[in-house]
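Step one of this worksheet: look at the structure below.
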Amino acid sequence: MFMFKLKAFIVLLFTLYVLCRSECDSDVSPNNSPIYTDPPVLVNTTKNGKLYVVGVESNTLRPMHVLHTWGTPYEMGFAHGVLLKEQVATLNTQMYKHIDETIDEYLHFLSPGLRKKIEEYGLAFVLELTYLTTRWYTPDYWEEEMRGLSDASGVPF
């Protein structure tokens, strides 16, 4: 449960940051990255998903995974966890490392009371609070999908 809450919180913060940066900064340069035009190559399949990779034949682009899932939210999450188990674990490790390295930059945005709670109880407390505050506004299927992802990948929910 803690991992889901942490991931949801970080994704929310990152999304808000990206949206703000892209709409608030007039000096942001356009995305001039090349477009993948190679056909997708099937890498692996499971009951409710297929994993493809694009950019394999390109000399200039880094290969990118394309995941196609279907079924119930839990089944889609489970397929995701089966097909990208290693990547999910790596992302989880990298995310915690990034939070450790950068959290001090963002503490000044928080109220003194919340900063004190983080110092006293740790980040887990804040993530739990975020989860409890927002879960009434988040459709159940998101949590179901995260449970499937956790069950298949082994990354704790």
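Worth pointing out:
- Leading residue by the ranking (modelled with the lowest pLDDT) among those in region 30-42 that are surrounded by fewer than 15 Cβ atoms within 10 Å (Cβ to Cβ) and in contact with a strand residue (DSSP E or B) (Cβ under 7 Å, 6 or more places away or on another chain): Asp38
- Residue list for region 48-90, restricted to those being surrounded by 19 or more Cβ atoms within 10 Å (Cβ to Cβ) and among the aromatic types (Phe, Trp, Tyr): Tyr74, Phe78
- Whichever residue in region 55-74 is at pLDDT 90 or above and not in a strand (DSSP E or B) and, among such residues, is nearest to Asp151 (Cα to Cα): Tyr74
- The residues on offer are Tyr131, Tyr137, Tyr121, Tyr141, and the sole one that is out of contact with any strand residue (DSSP E or B) (no Cβ under 7 Å at 6 or more places or on another chain) and exposed (fewer than 11 other Cβ atoms within 10 Å of the Cβ) is Tyr137.
- Test result for Leu110, without any contact (Cβ under 8 Å) to a residue 40 or more places away in the chain, of a type in the set (A, V, I, L, M, F, W, C), more than 28 Å from Asp38 (Cα to Cα) and surrounded by fewer than 16 Cβ atoms within 10 Å (Cβ to Cβ): yes
- Among the residues here, Leu149 does not qualify as in a helix (DSSP H, G or I), over 30 Å from His65 (Cα atoms) and either of a type in the set (Gly, Ala, Ser) or touching a helix residue (DSSP H, G or I) at 6+ places or on another chain (Cβ under 7 Å) (or both).
The values are calculated or read from the model by the stated rules, or taken from the named source; none is laboratory data. Since we're looking at a predicted model, the values are computed, not measured. FYI the Cβ positions are ideal-geometry reconstructions off the backbone, even for glycines, and counts take in every protein chain you see.
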